[in-house]
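Enquirer: Submitted below is the structure of interest, expressed as structure tokens.
Quick note: the coordinates plus some simple rules give every number you see, no bench work behind them. Owing to the predicted nature of the structure, the values given are computational and were not obtained by experimental measurement. All Cβ positions, even for glycine, are placed from backbone atoms using ideal geometry, and neighbour counts span all protein chains on display.
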Amino acid sequence: MKEATAKCLRNDFCSGSMAHMRYLIYAQKAREENFPSIARLFSALAVSRYIRASEQYRLVHELIGVHTACSEAHFTFFRTMDNLERARDDEKHEANEVLPAYIAVAESQGEGAASKSLKCSAAVCRHLVALLDDVIQKTKHADEEPKIEQLHVCQACGYIAAEITMGGCPLCGERAKFISVT
Ligand SMILES: [Zn+2]
């Protein structure tokens, strides 16, 4: 794999790893503030980002050695309602600003597997933006959090589904490979 593309994947791995950890902490904070459904959503987001970051890691593991990477991530920690908005804005930034630049590099270098993986990350980010936005809007117009009983994260791509359907993952089409977050 060419170095410029590998660098993009390493950076994406870094930002995904930080997001994974940040969402675990946001989930804990939401539980402490008595928002169990939002805690469930943050836990599912953490699994989703873990799956995306793991894929980036596997793609560059052949380049043995020590490498540095830039996470492009923000260090933020607020109360739960602000964490929801922050998470949505971070995912939007990733989908609209960061990943399109990485995809352009991978495509210009003819790195098909990297480009496919980064495009999948962008699609998952857009999906996370929609999920977060939905919860933010519902929370704004109600006195309590919307009920989220269970979420299922596709192990192949990181898509988060409210229920598992016979058709498999709506994003990548994989069947019966979901991690349930209860
Ligand atoms: Zn999937």
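Enquirer: What's the angle, to the nearest 10 degrees (0 to 90), between helix 112-140's Cα axis and the longest principal axis of the chain?
Expert: 20
Enquirer: Between Lys116 and Glu85, 0.36 nm times their residue separation minus their Cα-Cα distance comes to what? Don't skip to the answer; put the middle values down first.
Expert: Numbers: separation 31, 0.36 × 31 = 11.16 nm, distance 2.83 nm.
Full-extension gain reported as 8.3 nm.
Enquirer: Counting other Cβ atoms within 10 Å of each Cβ, which GluC sites (Glu not before Pro) in the range 126-180 have at most 10 and sit in a DSSP loop?
Expert: Qualifying residues, ordered by number: Glu144, Glu149, Glu163.
Enquirer: Determine ³J(HN,Hα), in whole Hz, for all residues of the range 33-40 in sequence, where each value follows from phi through the Karplus function 6.51 cos²θ - 1.76 cosθ + 1.60 and θ = phi - 60°; x replaces Gly and Pro.
Expert: Coupling constants for the range 33-40: 8, 6, 10, x, 6, 5, 4, 4 Hz.
Enquirer: Cysteines of the chain lacking any other cysteine beta carbon under 4.7 Å?
Expert: Cys8, Cys14, Cys70, Cys120, Cys125
Enquirer: Taking the Cα centre as origin and putting +1 on Lys and Arg beta-carbons and -1 on Asp and Glu beta-carbons, what dipole magnitude results for the chain, to the nearest 20 debye? Each step should come with its number before you reach the end.
Expert: On the way: 22 positive and 24 negative charges, 67 e Å.
The dipole of the chain has a size of about 320 debye.
Enquirer: To continue, here is another question. Against the globular-protein guess of 2.2 N^0.38 Å, express the Cα radius of gyration of the range 67-182 as a ratio, rounded to two decimals. Before the final figure, lay out each step's value.
Expert: Values: Rg = 16.2 Å, N = 116, 2.2 N^0.38 = 13.4 Å.
Compactness ratio reported: 1.21.
Enquirer: Here is a follow-up. Projected onto the charge dipole of the chain (+1 at Lys/Arg Cβ, -1 at Asp/Glu Cβ, origin at the Cα centre), which of Thr76, Leu131, Leu24 gives the Cα projection farthest towards the positive end?
Expert: It is Leu24, whose Cα lies furthest towards the positive end.
Enquirer: Compute the relative contact order of the chain as a whole-number percentage, counting only Cα pairs closer than 8 Å that sit 6 or more residues apart in sequence. Working shown, then result.
Expert: Working: 253 pairs, mean separation 46.7, N = 182.
Relative contact order, the chain: 26 percent.
Enquirer: Run through all the Cα pairs of the range 1-44 and give the fraction in each 10 Å bin from 0, expressed as whole percent.
Expert: Bin by bin from 0 Å, the calculated values are 30, 31, 20, 14, 4.
Enquirer: Another question about this same structure. Counting only the backbone N, which residues of the range 123-142 are under 18 Å from the spot 7 Å out from the Cα of Phe78 toward its beta-carbon?
Expert: 129-142
Enquirer: Do any GluC sites (Glu not before Pro) in the range 1-67 lie in a loop, going by DSSP, with at most 11 other beta-carbon atoms within 10 Å of their beta carbon, and if so which?
Expert: Glu62
Enquirer: Let me ask something else. First measure r as the distance between the Cβ atoms of Ala101 and Ala162, then evaluate 1/(1 + (r/R0)^6) with R0 = 25 Å and state the FRET efficiency to the nearest 0.05.
Expert: On the way: r = 32 Å, r/R0 = 1.27.
Approximately 0.20, to the nearest 0.05.
Enquirer: Ignoring the sites themselves, what is the longest stretch of the chain with no chymotrypsin sites (Phe, Trp or Tyr not before Pro) in a DSSP loop and at most 13 other beta-carbon atoms within 10 Å? Each step should come with its number before you reach the end.
Expert: Working: sites that count: Phe75, Phe77, Phe78.
Formally, the longest exposed-site-free interval is 79-182.
Enquirer: Add +1 for every Lys or Arg and -1 for every Asp or Glu among the other residues with Cβ under 12 Å from the Cβ of Ala130, and state the total.
Expert: Working: positive: Arg88, Lys92, Arg126; negative: Glu91, Asp133, Asp134.
Every neighbour counted, the sum reads 0.
Enquirer: Right, another one. In the chain, what is the count of Lys pairs whose alpha carbons are under 22 Å apart, counting only pairs at least 8 residues apart or on separate chains?
Expert: Taking the Cα cut-off of 22 Å, the pair count is 15.
Enquirer: Skipping prolines and chain starts, which residues have an amide H placed within reach, meaning under 5 Å, of the one on Phe178, given they are 5 or more residues away or on another chain?
Expert: For Phe178, the qualifying residues are Gln155.
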